[in-house]
């Protein structure tokens, strides 16, 4: 029985890490611009399709990854330019609708280009499970976990250790003050959207071998990720990992002990609790309004 | 110049009219794009092979004239509302002889009432959901113009349970998706377990949602309860997630379920984890009879493929056309109402690729949908996934079909 519990926690936590990675994409752009790409899930899907196409042209896996990531960055920048920049300049909330529309456009484009079928995503990473103290886990799942943690550590280090990263943090902390110090907020926001696209592409490449690739592959994922982002608070990169792991395991445990029909329930309860008790999120900073 | 254009136009009119009067106008509907496309397109392509064969032989003799088939194709995209619109459009045509097709039970429910209203003869294939026929028996309609050539879920559920019993399993887990299709499939299976003497103990019964990828919890419950087989009702991608999840947690039990387990998106996405999966099939892509051999070769050649995306749909589309053609010949008319009457009482057996159909349908009786269902248990076999293909699950089925084919020959 013990083994079953650990197995459930491990499998759930793994899905949780993927939620966290998508949530991290939300968090990156929110930090600099207080805006979110509601089409983040579609970026994950489009990047996965592009990567699959690259693989099908015969490109080896390790060369396909940079290609897919590059596409993610470009797509992220496109979303910023086409859907977000003008709305932000005019201090309007138009980006909400614009990013949703871009996302829908992405789904239609994918359906027309690649069709509506779910397709397998080939991977050189073995899918044979290996046993750790009675718990089965596949190398593929380990690669997802490692990839998620690695990219987040790299981006967090970049934000803390490099000059460009510090500009990023400065704009996050206080946009007007940062502009006065000669930091271009527009460029920093571009950077954040590019990074967010990169994260989406990586999520697509990492999870596709497990989830298969299809135009609606990310629609369930992105809702969970949004819950994670809201519960954790949109300020904390570390927070989304903790909440993601927690939510993923909780789902899996609920499904086992309470019943498979209740799988989605804990996430929703958590979301309601967070919004009712701590609207800024568990790891969010309390908002201080100066009057 | 003007005169010439007019003459050309007039000439065109005359020829098309003449053409229309000499042809049997038949519509093929189904999803030719999107997730259900493997089934829809295979059905259409199988039907078109049959039509090409008939037309190449000069058509069907109706009265003094030889008439050829003229095909209208309509893509319903597996959407109920599209299906309803198409049905309305087709039902308004006065010279339509009949309709063949529909993959999705929902589309049948949305559209077939338009055909029934106008009395247009339709053969449903390959939509298998029980509701597309039971809707008429529940409404107690007196006369029905809708027929079906597909192994309905009732037969399939019976076979799934029977297979588990034959393989000497006593403990099974049930898994189903949370859609109408999955839940009604589960109900059919539970009913069959009772009907077949409660020889199976259902140790767990769990559902999953469309889009779910992590099935660990449901599968661990099944494993801990000692399930020897997993009886499953769902659609392609989630079924593949189940097969992959079973391999991961080391649940070594066969998956047995509805015919959707033969969909290419299950077979491709589960890879070798799908091997050994069992499902009812009406046609296996194996050239065991001369008729099957010729059909498979014709399909591969006409559409330049090495594997029919959905062999069941293709074969059913093919046979539906031949059954329909036999009805036209017997009715000696392209009038859809006369064709319907002929279908209910086909005098001559029809040589199909699945079987030789002897009186597939009888006059509609609202108390018994089987009057308009062509398939009985004996025409359905168990298929098994093996390295990307569906093969015969039981050798006995294979031998039976071969001997059936030769015995028919012998009688001739």
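Taking a ≥ b ≥ c as the square roots of the eigenvalues of the Cα gyration tensor, region A:209-257 is oblate, since a/c reaches 1.5 or more and a/b is not larger than b/c. Ranking of B:310, B:94, A:92 by neighbouring Cβ atoms within 10 Å, starting from the fewest: B:94, A:92, B:310.
What is chain A by shape, rounded, prolate or oblate, if you read a ≥ b ≥ c off the alpha carbon gyration tensor as root eigenvalues and call it rounded for a/c under 1.5, prolate for a/b larger than b/c, and oblate otherwise? Judged from the Cα gyration tensor, chain A comes out oblate (a/c at least 1.5, b/c at or above a/b). For the residues A:256, A:78, A:121, a GNM of chain A with alpha-carbon springs under 10 Å puts the largest fluctuation on A:256. Here region B:275-335 and region A:132-157 have alpha carbon centers that stand 48 Å from each other.
Among beta bridges identified by DSSP and lying wholly in chain B, the antiparallel ones come to about 30 percent.
As a rough footprinting exposure proxy, the listed residues A:192, B:205 were ranked by other beta carbons within 10 Å of their own, and the order from fewest upward is B:205, A:192. Between the beta carbons of residue B:403 and residue B:134, assuming R0 = 41 Å, the FRET efficiency works out to 0.75 to the nearest 0.05. Where the centroid of each part is defined by its Cα atoms, how far is region B:191-215 from region A:201-232 in Å? Using only Cα atoms, the two centres lie 28 Å from each other.
Each semi-axis of the equivalent ellipsoid for region B:287-387 is √(5λ) with λ an eigenvalue of the Cα gyration tensor; in descending order they amount to 28, 17, 11 Å. Taking a spot 7 Å from the Cα of residue A:113 along the direction of its beta carbon, which residues of region A:68-99 have an amide N less than 16 Å from it? It comes to A:68-79, nothing else. Straightening the chain between residue B:365 and residue B:187 buys 61.6 nm, computed as 0.36 nm per residue apart minus the Cα-Cα spacing. Here region A:1-40 and region A:68-117 have alpha carbon centers that stand 21 Å from each other. A simple spin-label model places pseudo-atoms 7 Å from Cα toward Cβ; at residue B:141 and residue A:96 they are separated by 4.7 nm.
Would you list B:169, A:132 from fewest to most Cβ contacts within 10 Å?
A:132, B:169
Taking the helices alone, chain B has a mean residue ellipticity at 222 nm of -15000 deg cm²/dmol, built from -39,500 (n - 2.57) per DSSP H run of at least 4 residues and averaged over all its residues.
Against the main long axis of the alpha-carbon atoms of chain B, helix B:80-91 sits at an angle near 30°. With the helix formula -39500 (n - 2.57) applied to DSSP H stretches of n ≥ 4, chain A reaches a computed 222 nm mean residue ellipticity of -24000 deg cm²/dmol. Here chain B is described by how far its Cα atoms reach on the three principal axes: 83, 49, 45 Å, from widest to narrowest.
Give me the percent of DSSP beta bridges within the protein assembly as shown that run antiparallel, rounded to the nearest 5. Walk me through the numbers before you get to the answer.
On the way: 18 of 54 bridges.
Counting DSSP beta bridges with both partners in the protein assembly as shown, the antiparallel share is about 35 percent.
State whether region A:102-163 is rounded, prolate or oblate according to the following rule on the C-alpha gyration tensor (a ≥ b ≥ c being the square roots of its eigenvalues): a/c under 1.5 gives rounded; otherwise a/b larger than b/c gives prolate, and the remaining case gives oblate. Intermediate results must be reported in sequence, preceding the final value.
On the way: a/c = 3.40, a/b = 1.13, b/c = 3.01.
Verdict is oblate for region A:102-163.
FYI, it's all coordinate maths here, none of it is from the lab. These figures come from a predicted structure and were not determined experimentally. So basically every Cβ, Gly included, is an ideal-geometry build from the backbone, and we count neighbours across all protein chains shown.
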